[in-house]
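K.L.:
Submitted below is the structure of interest, expressed as structure tokens.
The values are calculated or read from the model by the stated rules, or taken from the named source; none is laboratory data. For clarity, every value in this text was computed on a predicted model and none was experimentally measured. So basically every Cβ, Gly included, is an ideal-geometry build from the backbone, and we count neighbours across all protein chains shown.
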Amino acid sequence: MRHISKKFQSYCCAIVRLAEPIALTSIFPYAWPLVKKFKIGNEQDASFYAGLLISSFSLAEALMGMYWGGLSDRIGRKPVLMLGCVGTMLSMVMVGFASNIWVALLGRAIGGLLNGNIGVIQTMVGELVTKPEHEPRAFAVMPFVWSIGTIIGPCIGGTFADPHSSWPNAFPAGGVFERFPYLLPNLVCAALLLISIVLGFVLLDETHPDMQPRVLLPADTYVSEETPLMETSDAMKRPAVDLGAETYGTMRSFNGESRQDERPDMSLEKPGIVKAVWNKRVVGFIVALSIFTYHSMTYDHLMPIFFEDERLSTATFASVGLATPTLSGGLGLSLRDVGMIMAVNGVIALIVQAVIFPLAAERVGVYRLFLIVTVLHPIVYAIVPLLLLVPQSFMFPAIYMCLAIRNTLSITLYPLLLILIKEATPSSSALGKVNGLAASAGAACRMAAPPIAGFLYTFGSKMNFTALAWYGSAVVAVIGAVQCFWVPREQCADKSEEGAVAQDTQETVAMIAEVSDDDE
């Protein structure tokens, strides 16, 4: 039997995790012009229909998230993960060949129905981590990979969309890429997904604790009371507990709460266990994740539309009876500019994830940092419409400043929520279902966010106030800022223990940025 380190297994999970951010974000730069090409309804309503197209993936994913999480508890994580990647690849090919809005919607929906990878991968990461000091670093990997996906996806979508217009010699008139101008970016993404499928199938091991290979004794082995114990040379290299550690043979969570390994293993079939699993802390953090997912998705949907929408001139304002410019219209950038900006946005997110997050978590603490970044989130949406008032010469620096503020808060918040949800789950046997529900709730919010934000943008355009959509998202972020204080926080038994745990938290979260430790 092969032995592959858990650190390498985490890297394999990260490669497979790229599937969803690429599939979800590659369509962002061209969703608006794609809907215009389909000529559905009034052109002013294109932002709403683009929201429906984007959200169809998340709607289908929300419907099936808990099912895939529960199925992974029964048949294993790896089969569900591979099926999700195959479904995503099929979805992208269908969208590329779509000749009308209904085929595109069906393609996106199929991808979501077959994709339960978010909850499954979160569960796999939790099962791969066996040392508490590695937990923050491990859970920071997935948002880091998401950031990489948000670089690759929009860059592919913005660069390879409508290749006949960009490279007429390589893609001549009358060819398949003129008939289907958005096929090429989908084929490129599908090829990347195929690579991740092959690597995952070959290199990824099953992590379900009940499906690990068992060591069988030879048939002639006889054990009695007089049989001597094994020699120490044949014993396990790692003891079951670390008697020399500060915890004296027990395990302590990095935030002071008992780890799931310490808690009694509870079967979900036993009476009363369901109520214990869905406690106030678990539900509270899932609600917080859902609220964050909603307003974060509205930002991702509105940003390319706002960048590509026509910039209203002074003459245009005068024609509609406005003496001075208002917060209406967009920035008038090209599709290629938007793709580049979104790629730079992903780079900024990587820097935040690698540098700012570990420093902030070390100095502030996980729970306190969660409260701070949640409360500050409404600022992210309030400042974006102000870009309409910025002179053209300062436009790009102002855009990148807004993106930096947004990434500092959003990229920090996501791994914090993942850690808090895992630590709030009272049983390791329930981890698949809890992560499945969290994934479904997040997918439901990602489903609702684009059409609602698109509707508000369309409604605001008719009122000459496109900032309405951004301020609507700010209101939701305010709701999240209030809700986060309602989530119960388990306190330590005494102040001395709380101080010790705080010190442990600083030491362990600081290891997020390290890459040398191997969790074998």
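K.L.:
Restricting to the range 1-47, and then to whatever is surrounded by 24 or more Cβ atoms within 10 Å (Cβ to Cβ) and within 14 Å of Leu204 (Cα to Cα), can you tell me which residue is nearest to the chain's Cα centre (by Cα)?
P.N.:
Selected residue: Arg17.
K.L.:
From the list Leu431, Leu388, pick out the single residue that is in contact with a Gly (Cβ under 9 Å, 6 or more places away or on another chain) and farther than 28 Å from Phe48 by Cα.
P.N.:
Going through Leu431, Leu388 in turn, the sole match is Leu431.
K.L.:
Can you say whether Leu331 is within 22 Å of Ser410 (Cβ to Cβ), modelled with pLDDT of 85 or more and in a loop (DSSP other than H, G, I, E, B), as far as the supplied structure shows?
P.N.:
It is true that Leu331 is within 22 Å of Ser410 (Cβ to Cβ), modelled with pLDDT of 85 or more and in a loop (DSSP other than H, G, I, E, B).
K.L.:
For residues in the range 165-199 being assigned to a loop (DSSP other than H, G, I, E, B) and modelled with pLDDT of 90 or more, which is surrounded by the most Cβ atoms within 10 Å (Cβ to Cβ)?
P.N.:
The selected residue is Tyr182.
K.L.:
Quick one: which of Ile383, Ile356 is more than 24 Å from Pro33 (Cα to Cα) and either under 20 Å from the mean Cα position of the chain (by Cα) or at pLDDT below 90 (or both)?
P.N.:
Ile356
K.L.:
Select from the range 386-413 the residues that are aromatic (Phe, Trp, Tyr) and either within 11 Å of Leu331 (Cα to Cα) or under 24 Å from the mean Cα position of the chain (by Cα) (or both) and list them in ascending order.
P.N.:
The answer is Phe396, Tyr400.
K.L.:
So for the range 112-125 (the condition being surrounded by fewer than 24 Cβ atoms within 10 Å (Cβ to Cβ), hydrophobic (A, V, I, L, M, F, W, C) and modelled with pLDDT of 85 or more), does at least one residue qualify?
P.N.:
yes
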